[in-house]
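Undergrad: After the structure tokens below, expect a handful of questions from me.
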Amino acid sequence: MKPLISKKLFKTLANKYLVAFMVFSVWMIFIDDNNIFFLRKNVNKLKEYRVEKAYFIEKIKNDSIRLQEMKVNAKNLEKFAREEFLMKKKNEDIFLIIEK
């Protein structure tokens, strides 16, 4: 019985189309420049970039609204300058509280 199984196995493995397919598959999965590991890494990067894109779009919306408020009202502009750039009036002290 054993010689019969090994002959069938040898016949199957000797099929030139099967061998070509197996060589092609190994080449594309492990050896090629665009192998499966490279593609997986790029897919993960793409997911990260999409999250960053959503974050920055939201940040742009918020900053646009804030900019429009500053253009409309001078008090908002003064408030922004005092908070962000630590600007002060004459005879005024600024105390910074740094949270950790």
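Undergrad: Quickly run through the range 5-28 and pick out the residues that are exposed (fewer than 10 other Cβ atoms within 10 Å of the Cβ) and not in a helix (DSSP H, G or I).
TA: ALA14
Undergrad: Looking at (1) exposed (fewer than 10 other Cβ atoms within 10 Å of the Cβ); (2) part of a loop (DSSP other than H, G, I, E, B), find the lone condition where LYS88 falls short.
TA: Among (1) exposed (fewer than 10 other Cβ atoms within 10 Å of the Cβ); (2) part of a loop (DSSP other than H, G, I, E, B), the lone unmet condition for LYS88 is (1).
Undergrad: Kindly evaluate LYS45 against the criterion of being within 30 Å of ILE29 (Cα to Cα) and without any contact (Cβ under 8 Å) to a residue 60 or more places away in the chain.
TA: yes
Undergrad: What are the residues in the range 58-100 that are in contact with a Leu (Cβ under 9 Å, 6 or more places away or on another chain) and hydrophobic (A, V, I, L, M, F, W, C), if any?
TA: MET70, LEU86, ILE94, LEU96
Where a number appears in this text, it was derived from the coordinates with a stated rule and is not lab data. As the structure is a prediction and not an experimental result, all values here were calculated from the model. All Cβ positions, even for glycine, are placed from backbone atoms using ideal geometry, and neighbour counts span all protein chains on display.
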